[in-house]
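To start, the structure itself, in structure tokens.
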Amino acid sequence: MAKLGIKKRNKTFFLKLQAIVITIFLKVLIGFVGFFNIRQIQKLADILGSIAYYVPTKKLRSALENMEFVYGQEKTTRELKEILKKNLKFSSRCMCDMAYCVAKGKITTISDLLDLSDLKEKLPKFAANKQGAIAISAHLGNFMLLGGLLNAVGYKNKTIIRPMRNPFLEKEYIAVRKTLNHDWVDKFPVSKAIKEGLDWVQSGGMLILLIDQRSKSGVEIKFLGKNAIMPKGASVFASKTGCKVFPMFAVLEKNHYKIIVGDEIPLVRTGNFNEDAVANTENFTKVIEKYIKKYPEQWFWFNRIWQQ
């Protein structure tokens, strides 16, 4: 018992220390970027991303291992490392743009960097009804700003978000989300998240779900060609509400964040809930795979999704 108590105290100390270090870094970054314009910040992001590539960390090793696992012999190690370099620069760009918005106190600060053509053309047909809608997304593009950007241009939405593993860091992240006008539903407890999500969709709201992460209570399907247990939440919400489901991302194209809205994904509804959950999750996952393959430098390769 004494050893368990010491282990718990050590873990708490580490989490607090981690939160303090990351919080200080973010506050310094937010304060620093506030003195520059957005173009200068982009150059800063490139520098930070280049530096990050040469800092040996467990996360970098995980990202490269994931790439090797997915691509196999399709790409050489050199090609994968080039993707990783671009990925780190893009991740730094996302972080710096987010910090810039927080420094200025509003997400519309980067409105000049938005391409809303696809959004204005396609989203109204999904949003203009009383059924609500499900937008499936992924850790692709600037997923951290997507919900806030949609709210800023008049499309009210909520994202189901898994709290950070570090509870002390989660407090800081909540403050950032509020500044960015990002509305959300906490994933845990799951029963409460389902109720809140259903209520939101049934009231005509748009619910965003990031479906590219491992789930203990999900279904086993192929993801990027490999077996993985993927979340079935999108299928559950869609089956219970009958609302439309479509993909949506905020990807970087020609130095602008383009909010992509894909075509509606037909819902499988045979009456067998479990089989429908597998079929729908499989169909939804295939759609986001298409975008990940198109923008591999903008996908978050660092998560542990597969049991290699």
Take I259 and decide whether it is modelled with pLDDT of 95 or more, aliphatic (A, V, I, L, M), within 12 Å of D212 (Cβ to Cβ) and surrounded by 19 or more Cβ atoms within 10 Å (Cβ to Cβ).
no
Can you tell me which residue is farthest from the chain's Cα centre (by Cα) among those in segment 249-308 that are of a type in the set (K, R) and assigned by TED's automatic domain parsing to the domain that holds A228?
R269
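Just a yes or no: is a residue in segment 219-240 assigned to a loop (DSSP other than H, G, I, E, B), assigned by TED's automatic domain parsing to the domain that holds I288, aliphatic (A, V, I, L, M) and farther than 23 Å from D118 by Cα?
As a first pass, look at segment 219-240 and keep what is assigned to a loop (DSSP other than H, G, I, E, B): 224-225, 231-232.
Right, trim to assigned by TED's automatic domain parsing to the domain that holds I288 and you get 224-225, 231-232.
Right, trim to aliphatic (A, V, I, L, M) and you get 224.
Still in the running and farther than 23 Å from D118 by Cα: 224.
There is at least one residue in segment 219-240 that is assigned to a loop (DSSP other than H, G, I, E, B), assigned by TED's automatic domain parsing to the domain that holds I288, aliphatic (A, V, I, L, M) and farther than 23 Å from D118 by Cα.
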Hey, any hits in segment 65-79 for a residue that's within 29 Å of W306 (Cα to Cα), of a type in the set (D, E, K, R) and within 24 Å of the chain's Cα centre (by Cα)?
yes
Mind checking which residues of segment 200-220 are more than 13 Å from I160 (Cβ to Cβ) and over 19 Å from the mean Cα position of the chain (by Cα)?
Q202, S203, G204, S217, V219, E220
Pair list, Cβ under 7 Å, 6 or more apart: segment 69-89 residue in the same structural domain as G49 (by TED's automatic domain parsing) and assigned to a helix (DSSP H, G or I), other residue buried (at least 18 other Cβ atoms within 10 Å of the Cβ) and small (G, A, S)
L84/A63; L88/G49; L88/A52; K89/A45; K89/G49
Test A250 against the stated conditions and say whether it is buried (at least 19 other Cβ atoms within 10 Å of the Cβ) and assigned to a helix (DSSP H, G or I).
no
Could you check R39 against (1) under 25 Å from L146 (Cβ atoms); (2) surrounded by 15 or more Cβ atoms within 10 Å (Cβ to Cβ) and say which number it fails?
(2)
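The values are calculated or read from the model by the stated rules, or taken from the named source; none is laboratory data. All values derive from a computational prediction rather than experimental measurement. Neighbour counts are summed over all protein chains in view; Cβ atoms, including those assigned to glycine, are modelled from backbone coordinates with ideal geometry.
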